[in-house]
Amino acid sequence: MGIYSCLGKNKEEVLQSLKEGRSGIGIDPKRIEYGYRSPLTGIVEKPQLKGLLDRKLRMYLAEEGEYAYMSTKEAIADAGIDEQYFENNEVGILFGNDSSAEAVIHSHEVAKEKKDTTLIGSSAIFQSMNSTVTMNLSTIFKLRGVNMTISAACASGSHAIGIGTLLIRNGLQDMIICGGAQETNYLSMGSFDGISAFSTRTDDPARASRPFDKNRDGLVPSGGAATLIIEDYDHAVARGAGIYAEIAGYGFSSNGGNISQPSDEGCYRAILKAMTEAEVTPKDIDYVNAHATSTPQGDFFEAMALAKLFAEPKTLITSTKSMTGHECWMAGASEIVYSTLMMQHSFVAPNINFEEGDEYSRLLNITPVTVKKEINTYLSNSFGFGGTNSALVIKSLK
C-alpha cells in the first residue's frame, strides 16, 4: 500500500493522524481570490519530484499524477518489487480518476491569450486526459499488463480495486496496481462550490466536515492519491510477498434515478452484493468505513441503508472523511488504505465532529473517538453522482 494525502505523505504519517483523529483540512487563499463561497479544502503538500524523476517524465504529470507517483512508489517498495520485476512480468494498472481540470483550463487560457494553439505545449494533452494517471505511471514504471482508468465519480477508486479483483480472479492478470487520485487545485472544484455543495464553517476548518452529524452543512473537498498492489494469492505466496488482507467481496449497483440524488436502496444493494460474495453477514463485519461525505442528503440515505444491516449488531461505523474531507475520485482507494491500517494496528479511527445524530444516524454505532478494536473483517462504501455505488469487503488473513 501507498498513500499521499492531507493526513500525511506516507503510511507512517497517515497512521499517526488516524490514531489521533487529526484533521487535514484548512483554508486555501486562492479560493477566496477566485470567488469561492467556501475556501475550505484538504491541505495536500505538493511533492518535490526533482531528483526522484527525470524532467521529461515529470512534465507530463498532472497534479493528481504527481500524487499518484508518490503513493505508487511507496506501494511498490512495500510490495518488494523492483524495476526488473516489471520488465519480466505482466503487471497491470487500474486507477480511479474522473477529471483533470487544471491542465484543460491552462491550455484554454494560453490559446485564448496567444491565439495560437501551438503554444499550448506538448505536455498539455497528457496532463488533461482523464487517463493521465494510468498513461503516465504505466510509462514511468514500464508496465505491460492491463492499462486503463476507471471514471465513476466518487466511487472511481473503489471500482478500480473491484474490477482489478475480478480480472485477477478470472486468471487474466497475476498482479495489478490499483488506486485513485484527485487534484486539489482551486480550478478543479469551482462547479461543486457553485451548487452549494461545500461546508461554509470557515471559522474552524477542522470542525467543518461532520459526517452523519445532525448539523452538517456540506462536504469539504480534498485529494491526493492512494495505491494498492493487488495480487493472486498463490502468486504472492510464491514470491514471498507480505500480505495485508484479502479482497473478499465486491458489490456494485446503479440507482437509476436523478443524476445527483442518492438512494438508500442503491447503497443497500451494493453492500448486500459485496457481503454475499464474501460470504459474511452483518454480524461478521467488525467495522464499516462509510462513504458519508458530510452532505445533508447523502449521509441521510446512507444511514438509512446502514441501519437496516448494522443497527442491531451495533457495528462500529465511522467516516474518515471527517478528518480528510471528501477525496472524491481517490476516496474509494484511500479509505481501503486507512481501514487496512486500522485492521493492522487494531483500532477504529474516530468520526470526529459527530455530536448529535439525525433520524437515522442516531441508530448507528458511530464513534467520535478512537476505539481499540480487533478488526478481522470490514466494509468500505463508495457512492457517486449518477447513482454509481461500490462496496468492498476486506478480510484479515490472521
Gly2 fails exactly one of the following numbered conditions: (1) on the phi > 0 side of the Ramachandran plot; (2) surrounded by 18 or more Cβ atoms within 10 Å (Cβ to Cβ). What is the number of that condition? (1)
The lone condition Ile125 fails out of (1) surrounded by fewer than 24 Cβ atoms within 10 Å (Cβ to Cβ); (2) touching a Leu at 6+ places or on another chain (Cβ under 8 Å) is (2)
Out of (1) free of Cβ contacts under 8 Å to residues at least 60 places away in the same chain; (2) aliphatic (A, V, I, L, M); (3) crowded, with 21+ Cβ neighbours inside 10 Å, the odd one out for Ala238 is which? (3)
Restricting the range 378-395 to residues that are of a type in the set (Ser, Thr, Tyr) and buried (at least 24 other Cβ atoms within 10 Å of the Cβ), the residue that is farthest from Ile247 (Cα to Cα): Ser382
Residue hits (the range 96-110; modelled with pLDDT of 85 or more and either over 31 Å from the mean Cα position of the chain (by Cα) or surrounded by fewer than 19 Cβ atoms within 10 Å (Cβ to Cβ) (or both)) are Val104, Ile105, Glu109, Val110
Condition first: in contact (Cβ under 8 Å) with a residue 24 or more places away in the chain and in the same structural domain as Thr227 (by TED's automatic domain parsing). Can you find one or more residues in the range 110-124 that meet it? yes
When you scan the range 50-147 for helices (runs of 4 or more DSSP H) that lie fully inside it, which ones turn up with 2 or more residues that are of a type in the set (Asp, Glu)? 63-78, 83-88, 101-114
Is it true that Ser294 is buried (at least 21 other Cβ atoms within 10 Å of the Cβ), touching a Pro at 6+ places or on another chain (Cβ under 7 Å) and among the small types (Gly, Ala, Ser)? yes
Taking the range 262-290, which residues are touching a residue at least 40 places away in the same chain (Cβ under 8 Å) and out of contact with any strand residue (DSSP E or B) (no Cβ under 7 Å at 6 or more places or on another chain)? Ser263, Asp264, Glu265, Tyr268
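The values are calculated or read from the model by the stated rules, or taken from the named source; none is laboratory data. It should be emphasised that the depicted structure is a prediction, and the values quoted were computed from it without experimental measurement. Quick reminder, even Gly has a Cβ in these numbers, built from the backbone with ideal geometry, and neighbours come from all protein chains shown.
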